1. Taking the stretch 153-166, which residues are touching a residue at least 12 places away in the same chain (Cβ under 8 Å) and either within 26 Å of MET213 (Cβ to Cβ) or within 16 Å of the ligand (Cβ to nearest atom) (or both)?
2. Hey, does the stretch 172-183 have a residue that's under 24 Å from PRO109 (Cβ atoms), at pLDDT 95 or above and touching a strand residue (DSSP E or B) at 6+ places or on another chain (Cβ under 6 Å)?
3. If I ask for residues that are free of Cβ contacts under 8 Å to residues at least 24 places away in the same chain, part of a helix (DSSP H, G or I) and under 16 Å from ASN67 (Cα atoms), which ones from the stretch 27-48 would you list?
4. Looking only at the stretch 286-303, which residues are surrounded by 23 or more Cβ atoms within 10 Å (Cβ to Cβ) and either farther than 22 Å from LYS224 by Cα or touching an Asp or Glu at 6+ places or on another chain (Cβ under 9 Å) (or both)?
5. Identify, from the list ARG332, ARG312, the residue that is away from the ligand (no atom under 16 Å from the Cβ), in a helix (DSSP H, G or I) and either more than 39 Å from the chain's Cα centre (by Cα) or at negative phi (or both).
6. Given the options HIS150, HIS169, name the one that is within 16 Å of the ligand (Cβ to nearest atom) and more than 30 Å from GLY225 (Cβ to Cβ).
7. Using beta carbons and a limit of 7 Å, which pairs, at least six apart or on different chains, have the first residue in the stretch 244-261 and under 21 Å from VAL173 (Cβ atoms) and the second one near the ligand (Cβ under 8 Å from one of its atoms) and of a type in the set (Phe, Trp, Tyr)?
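The values are calculated or read from the model by the stated rules, or taken from the named source; none is laboratory data. In this text the structure is predicted, and so the values were computed from the model without any measurement. Glycine gets a Cβ as well: all are built from the backbone with ideal geometry, and neighbour counts include every protein chain shown.
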Amino acid sequence: MIEKLKQHQDDFDALISKVPSLKELKQLRSDFLGKKGCVSLMLNEMRSLPNDQKPLAGKHINAFKQNVTTLIQEKTLLLEKKSDLTSSSSEDFDTTLPGRGSPSGSIHPITQVMDEIITIFFSLGFKVEEGPEIESDYYNFEALNIPKDHPARDMQDTFYIGEDVLRTHTSPVQIHVMENHPPPLRIIAPGKVFRCDSDVSHTPMFHQIEGLMVDKTLSFGDLKGVMNIFLHEIFGQQTKTRFRPSFFPFTCPSAEVDIECVMCSGQGCRVCSKTGWLEILGCGMVDPAVFKFVDYDPEEWSGFAFGLGIERVAMLKYAINDIRLFFENDIRFLKQF
Ligand code: DAH
């Protein structure tokens, strides 16, 4: 019997060393430890032995069973580990695939144009100022010489918040700055403005840049000079400009400035409605009434102001035909700038 056991042990050792997978190992386990396996058969055989030989035979069979069990456990762990490695390295996981990139953003075209405009005016000695987006009626209208029943209020579709308004233009920053600083001064005020309006060329929120210069002897000639320098820098030195008389309650005289159409070079096209010109900004000499609101002496000080929409400049610079593209956050659009 002991001889037989030894033979079984040798067989088992040979078999387990060659077992290639968990499936075959399971079969080996059933061959040796299963109900009709080798160990069970040996125990049955043991019963027919003379009583005095049973204990020793039982001891050897148990030792054999224990040994087989341990070796199978060890082999199971080994094969499991191996199958984990192979399935993740060669079956499911392709190590040649490129890693997941983290896409980098870009500066929004409106911010780019805004920065460009700020840089130009900075070189002319203008400082950046900011004001609140929620304004009182006084700053948005009254102090800019737009009284309650003035028709100019209808030009701007105002969002009201109780008594206050979302500023409809950046012009109120002029008032804040003059209230807080004595003349002379040179400022620009970039920022968001709000109007209840929406189509291909209007969005309820857009951006403006306001400018204000106050000094002792400023003339309309100074205003023209500064506007021309700015427009030539931003649209190119060849760009023709023209000043048309206009009306704003806070400037007098007032003008609107056109540039030669950037699409057709003045030939006349759909973009410029066949006129060859594009309106680009409003400007004028500060109205003495405005100076009175901020306690500047209009006899001593003169000034000019201007305001323009950033989206309009960006649309003309980059030939964009729908203002809403700026605010849809479509990465395919934004990536082009
Ligand atoms: N605030 C005006 C608007 O939103 C633009 C403007 C025109 C600003 C003339 C000015 C100016 O400072 O002088 O339509």
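1. At the first step, the residues of the stretch 153-166 found to be touching a residue at least 12 places away in the same chain (Cβ under 8 Å) are 153, 156-159, 161, 163-166.
Residues satisfying the conditions are ARG153, GLN156, ASP157, THR158, PHE159, VAL165, LEU166.
2. So the first thing to find is which residues in the stretch 172-183 are under 24 Å from PRO109 (Cβ atoms), and the list is 173.
Then drop every residue that is not at pLDDT 95 or above, which leaves 173.
Subset that is touching a strand residue (DSSP E or B) at 6+ places or on another chain (Cβ under 6 Å): 173.
So far as the stretch 172-183 goes, yes, one or more of its residues are under 24 Å from PRO109 (Cβ atoms), at pLDDT 95 or above and touching a strand residue (DSSP E or B) at 6+ places or on another chain (Cβ under 6 Å).
3. SER30, ASP31, SER40, LEU43
4. Narrowing the stretch 286-303 to residues surrounded by 23 or more Cβ atoms within 10 Å (Cβ to Cβ): 286, 290, 303.
Within the stretch 286-303, just GLY303 meets the criteria.
5. Values: ARG312 fails: away from the ligand (no atom under 16 Å from the Cβ).
Unique residue meeting the criteria: ARG332.
6. On the way: HIS169 fails: more than 30 Å from GLY225 (Cβ to Cβ).
That would be HIS150, the only listed residue that is within 16 Å of the ligand (Cβ to nearest atom) and more than 30 Å from GLY225 (Cβ to Cβ).
7. Final answer for the pair search is SER254/PHE248.
Rundown of residues vs (1) touching a helix residue (DSSP H, G or I) at 6+ places or on another chain (Cβ under 7 Å); (2) assigned by TED's automatic domain parsing to the domain that holds THR203; (3) of a type in the set (A, V, I, L, M), yes/no style:
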residue	(1), (2), (3)
ARG244	no, yes, no
ILE259	yes, yes, yes
SER265	no, yes, no
ARG270	no, yes, no
GLU299	no, yes, no
ALA319	no, yes, yes
ASP330	no, yes, no
